[in-house]
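Written out below as structure tokens is the structure these notes cover.
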Amino acid sequence: MTATDFKLELREIKESLKGLTLQLVTKNGYRPYFSLKDFGNAILNEESKGNDFRINQVWTDCGTLSVKSIKNLGELIRTNSVTGIQFESFWNPKTDEEYIKSFGALD
């Protein structure tokens, strides 16, 4: 999802995220965040690079689960014992030209 949508939907479940480990995967690796402020700053940094976001996995007491939307994540947090969430920041080309440029120089 786009960074704007991601931020808006995260605001809806912000209170539920308190106390959870939030991990952000970027092209340089991954890093856990234990405060919403630090996580929010990391999101803003990735947004400035033009990246989009997705939910990779949700860690619960019952194991690792996959979630497709923030709304489903909020429901899972309320009904299950979630311990951590892994998000991913990735560059998603918006136009055909950006997609072609992503392959690098053509010889």
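Checked against (1) surrounded by fewer than 16 Cβ atoms within 10 Å (Cβ to Cβ); (2) modelled with pLDDT of 95 or more, Lys49 passes all but condition (2). Taking every residue in the stretch 80-95 that is more than 25 Å from Ser35 (Cα to Cα) and pairing it with any residue that is modelled with pLDDT under 95 and not in a strand (DSSP E or B), at least 6 positions away or on another chain, the pairs with Cβ-Cβ distances below 8 Å are Pro93/Tyr99; Pro93/Lys101; Pro93/Ser102.
For Ser66, the requirement of being more than 20 Å from Arg11 (Cα to Cα), at pLDDT below 90 and touching a strand residue (DSSP E or B) at 6+ places or on another chain (Cβ under 8 Å) is not met.
Kindly indicate whether any position in the stretch 35-57 is more than 18 Å from Lys7 (Cα to Cα), out of contact with any Phe, Trp or Tyr (no Cβ under 6 Å at 6 or more places or on another chain) and of a type in the set (Gly, Ala, Ser). Within the stretch 35-57, not a single residue is more than 18 Å from Lys7 (Cα to Cα), out of contact with any Phe, Trp or Tyr (no Cβ under 6 Å at 6 or more places or on another chain) and of a type in the set (Gly, Ala, Ser). Based on what the data block shows, is Phe39 in a strand (DSSP E or B) and either touching a residue at least 12 places away in the same chain (Cβ under 8 Å) or over 20 Å from Glu9 (Cβ atoms) (or both)? Spelling it out, it is not the case that Phe39 is in a strand (DSSP E or B) and either touching a residue at least 12 places away in the same chain (Cβ under 8 Å) or over 20 Å from Glu9 (Cβ atoms) (or both).
The rows are residues; the columns are (1) of a type in the set (A, V, I, L, M, F, W, C); (2) free of Cβ contacts under 8 Å to residues at least 40 places away in the same chain; (3) in a helix (DSSP H, G or I).
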site	(1), (2), (3)
Lys7	no, no, yes
Gly19	no, yes, no
Leu24	yes, no, no
Tyr30	no, no, no
Glu46	no, no, yes
Phe53	yes, no, no
Lys68	no, yes, no
Lys71	no, no, yes
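The residue that is most open to solvent (accessible area, probe 1.4 Å), among those in the stretch 67-107 that are of a type in the set (Val, Ile, Thr) and farther than 21 Å from Arg54 by Cβ, is Thr79. Quick one: would you say Gln57 is in contact (Cβ under 8 Å) with a residue 60 or more places away in the chain, part of a strand (DSSP E or B) and either open to solvent by less than 80 Å² (accessible area, probe 1.4 Å) or of a type outside the set (Ser, Thr, Tyr) (or both)? Spelling it out, it is not the case that Gln57 is in contact (Cβ under 8 Å) with a residue 60 or more places away in the chain, part of a strand (DSSP E or B) and either open to solvent by less than 80 Å² (accessible area, probe 1.4 Å) or of a type outside the set (Ser, Thr, Tyr) (or both).
The values are calculated or read from the model by the stated rules, or taken from the named source; none is laboratory data. Since the structure is predicted, the reported quantities are computational estimates derived from the model, not experimental observations. With ideal geometry, Cβ positions are generated from the backbone for all residues, glycine too; neighbour counts draw on all protein chains shown. Heavy atoms of the whole protein, side chains included, go into the accessibility calculation; ligands, DNA and RNA do not. Shrake-Rupley method; radii C 1.70, N 1.55, O 1.52, S 1.80 Å.
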